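S.K.: To start, I am sharing the structure in question, which I have written as structure tokens.
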Amino acid sequence: MRRFFILLAAFVLAGLAAGILYNVPAINERLSWRVELLASRVRKIIAPQPETLPTPSYPIAAPPRFAIETPTNPPTTQPPNGLTPQLPSADSPTVTPEPTPLPLVYDLPSSVLLEASRREPQLKNNCGPATLVGDLTYWGWQGSEPDAPAWNASGKDIRWQKDIAAAIKPGGADKNVMPYELANYAADYAGLNAVIRYGGDIDTLRLFVANGYPVIVERGFREEEHQLAGEGWEGHYGYVKGYDDDQRIAYTQDSFKWQDINYPRPYDDLLRDWRDFNYVYLILYAPDREAEVLALLGADADPIANYNRALAKAQAETQQLTDPTELAFAWFNVGTSLTLLERYADAAAAFDQARSYGALPWRMLWYQTGMYKAYYYSGRYQDVIDLAGVTLQTPGLEESYYWRGWAYYQTGNLDSAVADMRAALDTHPDWDQALAALAQWGVSP
């Protein structure tokens, strides 16, 4: 018996020592992603995650066709996606803009490769901040230059993505950041403006890159590319900084494939993966170059016109594609564009079509939450609750907690609503949207 207690004490002490060592920053950076990957695989064994989002439990009408609206009196300038970029505070790092804007290029060369910028291999679920490092440093941002380097297992200094992550995903539990969060960071900490648009194509990338503007895209990341066995489809940010028309290749700076300084993506592969996110793209620029960016955007300078063009593109793809998975993504894009246009009932019908194929990856709502919004504003609260319940089999998704919390609230379940908003704050401390909801309900965080 005495030997048993000695062994038990030794085991407890070893566990405590391991816990202390794991929380040493240098060790945590090397091991955290491996621990999370192991935990993910254990969860799959204990409570297997469905491979896809559930299909609707009710009959689906014939595929609808939605009207494309033409905006009247479109604004000449408007903040992207409802964002209002702010100038940096006095203690924020600043950028020195290029004093003389370059003449715009419309007769595009057959190949372009922009100058290299800082590359940091991403930490686990940190491709957004790591990708943003590249774009910000291209425009002159210097991050935490005076700070001591923060080395990870690759031997690379990853302190600047840690700066960004600390601001936009504090606490480290959040598994995803949205494009608007990247844009807000660029405005608040680097003094850069941003536009977020949808429905992009290869010519969009070529036009901006040829004129000196790298392009951040959000795209699908399939297992055959990331090669993490059993992990399946994920979302991923990429930074497009060049192209070669003769080889039909886009050159990217990729935080996961960071060893390749100009990670090449064939046009066809990039378009397939980009479709998964409605061809969304983010352009950063110095404030004194806004006229250039608006000119390059052309008609897409007006967000409403852009959403309608993205809708038209997605609807066309629902007629052109034949593969069920690609059709599911195309219909999801129809729903996303309709949600951006605040046509929620139409968007809900499109999302129903997307789900009907039984092919949307189970992580889909980690990254794109328009489906929640469309169902919520269509009064379909149980759909929101059910979908969030499936998605939240994996923790660390504050948007899913947020929308399920509001759906619970609308169905009269205040206790569950409050629990979800507090869970959202556990994932993303001090998140203003969750705090505002609790304040509206008269409940403390």
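S.K.: I need E51, E317, E120 ordered by Cβ neighbour count within 10 Å, fewest first.
M.R.: Numbers: E51 12, E317 17, E120 28.
Ordered by Cβ neighbours within 10 Å, fewest first: E51, E317, E120.
S.K.: Given a Förster distance of 22 angstrom, what is the FRET efficiency for D323 paired with A62, based on the Cβ-Cβ distance and rounded to 0.05? Each step should come with its number before you reach the end.
M.R.: On the way: r = 20 Å, r/R0 = 0.91.
Between D323 and A62 the formula returns 0.65.
S.K.: Let's test the formula: R0 of 35 Å, r as the Cβ-Cβ distance of A312 and I261. What FRET efficiency results, to the nearest 0.05?
M.R.: E(calc), rounded to 0.05, equals 0.40.
S.K.: Separate question: How big is the gap, in Å, between the Cα center of the range 259-289 and the Cα center of the range 328-367?
M.R.: The range 259-289 and the range 328-367 have Cα centres separated by 22 Å.
S.K.: Only counting other Cβ atoms within 10 Å, I'd like I249, I168 sorted with the fewest neighbours first.
M.R.: So the ranking, lowest neighbour count to highest, is I249, I168.
S.K.: While we're here: Which order do I261, I304 fall in if you start with the one that has the fewest other Cβ atoms within 10 Å?
M.R.: I261, I304
S.K.: What are the lysines whose alpha-carbon lies under 27 Å from the alpha-carbon of K162, with same-chain residues fewer than 8 places away excluded?
M.R.: Partners within reach: K124, K175, K241, K257.
FYI, it's all coordinate maths here, none of it is from the lab. Please read all numbers here as calculations on a predicted model, not as lab measurements. Every residue, glycine as well, gets a Cβ built from its backbone with ideal geometry; the counts of neighbours run over all protein chains shown.
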